[in-house]
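I have placed the structure first, in the form of structure tokens, so that the comments after it can refer back to it.
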Amino acid sequence: MRYLVVAEYPKPFELFIGKEAGDFKPAFEQLDMLRKGDIVTIYYDEETNTQTDDSINRLAQFIDKGQQPYFIRGNHDKYGGYAAIAMGALIGVSLLLLKKTGKIS
């Protein structure tokens, strides 16, 4: 985990930096190259009802310094979406098969 405090924003940003195999690590990460006083642009979501702690923002998507990216959030949301779609398709096919064999009406 990394925490980034921005002078103009009241909450620190919590950024997950996975290093182990199987972690949902970010697609791109160079946060250790940032220094105190650097001017960065952070693209984030302010929706607080998805967070458990309102004092920390965990929804940073991109961090840029100038035109160079320093952080790009990983694809763990995409994998969750794929899993939900696959589960829905599996349930749908199962229901069709059960209906066709007469187990359900």
note = The local net charge around V40, scoring Lys/Arg +1 and Asp/Glu -1 for residues other than V40 whose Cβ lies under 10 Å from its Cβ, equals -1
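Leaving ligands and nucleic acids out of the surface, order E14, E46, E8 by accessible area at 1.4 Å, largest first. Numbers along the way, then the final one.
Details: E14 25, E46 85, E8 165 Å².
I get E8, E46, E14, largest accessible area first.
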task = Give me the accessible area of M1, 1.4 Å probe, in Å² rounded to the nearest 10.
result = 110 Å²
inquiry  = Per 0.36 nm of contour for each residue apart, how much would the distance between D38 and Q67 grow if the chain were fully extended, relative to their Cα-Cα spacing?
reply    = 9.1 nm
request  = Could you compute the FRET efficiency for L59 and A89, with r as their C-beta to C-beta distance and R0 at 35 Å, rounded to 0.05?
outcome  = 0.75
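The values are calculated or read from the model by the stated rules, or taken from the named source; none is laboratory data. What you are looking at is a predicted structure, and each value in this text was computed from that prediction instead of being measured. Cβ: placed from backbone, ideal geometry, glycine included. Neighbour counts: every protein chain shown. Note: areas computed on protein heavy atoms with side chains; ligands, DNA, RNA excluded. Shrake-Rupley method; radii C 1.70, N 1.55, O 1.52, S 1.80 Å.
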